[in-house]
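Take a look at the structure below.
What follows is calculated from the coordinates using simple rules that are stated; it is not laboratory data. Fair warning: this is a prediction, and the values are worked out from it, not measured in the lab. FYI the Cβ positions are ideal-geometry reconstructions off the backbone, even for glycines, and counts take in every protein chain you see.
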Amino acid sequence: MVFNIREAVKEDMPQVLELIRELAVFEKEAQAVEITTADLIHDGFGPNKLFHCFIGESEGAIAGIALVYPRYSTWKGPSLHLEDLIVTQKMRGSGLGGALLTEVVKYGHKMGVKRINWEVLDWNENAISFYESKGAKVMRDWDVVQLDENGIKNYLENIKDLDFPLRGND
């Protein structure tokens, strides 16, 4: 199959959202997607750009995306986080995922990052094999830790009760 890799534009965001939803279904989290097309446009193309997105097209349709954003490693320095690499079911095995990953690596290299990182579900053996075949190190001894929106709210409510001052440099 023939495909093209390019940078995303605002007009792509409805289709990008559909791919994000498709990934959420695949990952058994269909109800977890809260983001909207308007959010993607604002966050990716607004005054404070929060992410960069690459598009993989085939036969005039978006068949894959790679969405990245900058991070900072206290051990390595500037790094890049690959939030999602999504390829439609129809295009898996076509080389599109590898082409999108290559674009991410080239982008990170151009930015001068010291590391590119991402997560993969431990049961997604196809993705794990794909990443390892590209030279990525899957670190199975690390767990992902998150505070969701409710967790953040509960955390902040709980620390109000502790009555200790936040201290600066004394």
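Worth pointing out:
- Shown for segment 4-140: lysine pairs separated by 8 or more places, or found on different chains, whose C-alpha atoms are under 25 Å apart, numbering 23.
- Under 5 Å, built H, 5+ apart or other chain: amide partners of ARG71: SER79, LEU80, HIS81
- Taking 0.36 nm per residue of separation and subtracting the current Cα-Cα distance, fully stretching the chain between VAL145 and LYS114 would add 8.9 nm.
- Under the Karplus curve 6.51 cos²θ - 1.76 cosθ + 1.60, θ = phi - 60°, whole-Hz ³J(HN,Hα) for segment 19-28, x wherever Gly or Pro sits: 5, 4, 5, 4, 5, 4, 5, 4, 8, 6
- Histogram of C-alpha separations across the chain, 10 Å bin width, %: 8, 31, 36, 16, 6, 2, 0
- 14 Å cut-off, amide nitrogen to a point 7 angstrom out along ARG71 Cα→Cβ, residues in segment 92-116: 113-116
- Length gained on full extension, LYS137 to PHE51, computed as 0.36 nm times the residue gap minus the Cα-Cα distance: 28.6 nm.
- Exposure proxy ranking for ASP39, ASP84, ASP141, ASP122, based on other Cβ atoms within 10 angstrom of each Cβ and starting from the fewest, stands as ASP141, ASP122, ASP39, ASP84.
- With θ taken as phi - 60° and the Karplus curve 6.51 cos²θ - 1.76 cosθ + 1.60 applied, the whole-hertz 3J(HN,Hα) list for segment 36-47 is 10, 4, 4, 4, 4, 5, 4, 6, x, 9, x, x Hz, x standing for glycine and proline.
- Taking only the Cα atoms of segment 1-85, the radius of gyration and Dmax are 13.8, 43 Å.
- In order along segment 52-66, the Karplus-derived 3J(HN,Hα) couplings, from 6.51 cos²θ - 1.76 cosθ + 1.60 at θ = phi - 60°, round to 10, 10, 10, 10, x, 10, 9, 6, x, 10, 6, 10, x, 9, 9 Hz, and Gly and Pro are given as x.
- Gain in span if fully extended, GLN89 to SER129, counting 0.36 nm per residue against the direct Cα distance: 12.7 nm
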